[in-house]
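For reference, the structure is listed below as C-alpha cells.
Read-outs throughout are calculated quantities, based only on the coordinates presented, and are distinct from any laboratory measurement. From a predicted model like this one, the values you see are computed outputs, not experimental measurements. All Cβ positions, glycine included, derive from the backbone under ideal geometry; neighbour counts span all protein chains shown.
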Amino acid sequence: MSIAVESQVNDQVSVQAKPLSSELMLNTHEQVAFWNKVTESNINTDDNISLAYMYIEHPDSERAIVISSGRIESYLKYKELIFDLYHQGYSVFALDHRGQGLSTRTTSNPHHGHIDKFSTYVNDFAFFIDTVVTPKRYQDLFLVGHSMGGAIGTLYMDKHADTFTAAVFSAPMYGIKLPISSRFIRWLSNKLDTKNGTEPNYILGGKDYHGDEFANNDLTKSQPRYEDYRKLYQQRPELQLGSPTNHWLVESLDAGARTVKAAKETKTPILILQADEDTVVDNFAQYHAVGGLCELINIADARHEIFMEMDESRNFAIDKLLKFLASHHSV
C-alpha cells in the first residue's frame, strides 16, 4: 500500500556530479581502486568493545556524511554507496555497531543479534561521532541511516540536535513488521528471554546465519546486488550474523515508540525514504513520524534494502537523498 506524503525536495535541481553506479557493473576496477584509499580502523569503548569504522576524506569538500547501518550489517556492505556518495563530493564515515560487522560480538555465539539496551547503540554512536568525526570540523555534517541504523540515528539526534545539518533514513526501523500484535510479541519475547546474566537466546524460530537464495529473499529485487552481498558474507564469514535474541527484540520494540516521537519532534530536518514493498519494518510507523521537519518519500518497486535495489528504484532514492542534502548545505 502506498500513501503519498508531500515532500519539499526540489525535483528541478540537478545535483549529481557523476552518474551513479549500476547493478550491471559491480566491483569495477575504479571501485576496487577507490576502496584502497579508504582508512579502516577501530576505537575501544569504556566497556572494552572494539568498534570498527571506516572513513575517506574528500579533498575538495567541507561536507561529510556519516552512515549508520542496519542490523546484521557492516560498512563493507556499503562499498557501492560509499563510492557513489564520495563521487558526489562528500567525505564519508561509517560505523559497525557493536555485536555485528567487524565490531566485537557480545555473546558466546557470534551469530546472536543481541544488545543489552538499545540506548547502548546510541551511546556507541555518540562516542564514535565525538572521537572520530567531530574533530575533523566539517562545515556540514549529514547523517544517512538504514533500518536499525535509522532508529539509532534518530535517537542520537534527539539528544544531540546540533550535530547534523540534516538526515536521510532508508526504511528506518520505527516499528517492526510482525505477524501478530506487537504487544503480544513483546510479552512472549520478554517471557522467553533468559535472565540473571545467563546467555541470551534466539527468538522463536531463530537460527545462526543462513543466506537465502535470491528467489526467497525479502530484501531486494536486484539479483546482481543480492548475489554480491551473499558473496561478501561467504568470503568474510566473520561478518555473518543470525537472528535476533529475545532481549534484542524487546529492546527494539520499546525503542520504536521513542523513535516515532523523536522523528516527529525533530529539530534536525529528516527525509524518510520508504520502501513501498517493505516486509521487514512497519511502514505505518514511518507515516506516524511525519510532521514538522520530518518528511517522507515512498520509493516504488522497492523492498527493504533500498540502497541495494534495482537501478531505477535505487537511483531515484539516491537522487532524492542528494537533493535533500543539497537543499540544506550551508552557503
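Annotations for the structure displayed:
- From the coordinates of this entry, Rg and Dmax of the Cα atoms in Å is computed, and it appears in (i) 20.1, 61; (ii) 19.9, 67; (iii) 18.6, 58 under the label (iii).
- Annotation note: trypsin sites (Lys or Arg not before Pro) in the range 98-133 located in DSSP loop regions with a Cβ neighbour count of at most 16 within 10 Å are Lys117.
- Placing +1 on the Cβ of every Lys and Arg and -1 on the Cβ of every Asp and Glu, with no other charges, gives the chain a dipole of roughly 620 debye about its Cα centre.
- Helical contribution to [θ] at 222 nm, DSSP H n ≥ 4, -39,500 (n - 2.57), averaged over the chain, rounded to 500: -9500 deg cm²/dmol
- Two-site FRET efficiency, Ala126 against Glu30, from Cβ-Cβ distance with R₀ of 30 Å, rounded to 0.05: 0.30
- Cα pair distances in the range 27-163, grouped into 5 Å bins until the bin that holds the longest one, percent each: 2, 10, 21, 24, 21, 13, 7, 3, 0
- Under the combined filter of DSSP loop state and at most 16 neighbouring Cβ atoms within 10 Å, the range 248-331 retains these trypsin sites (Lys or Arg not before Pro): Lys267.
- Contact order normalised by residue count of the range 29-326, Cα under 8 Å, 6+ apart, percent: 19
- For the range 88-137 versus the range 256-331, the spacing of their alpha-carbon centroids is 21 Å.
- Ranked by how many other beta carbons lie within 10 Å on average, peptides 63-75, 140-152 from highest: 140-152, 63-75
- Between the residues Asn196, Met54, Asn42, the greatest Cα displacement towards the positive end of the dipole of the range 29-326, with unit charges on the Cβ of Lys, Arg, Asp and Glu, is found for Asn196.
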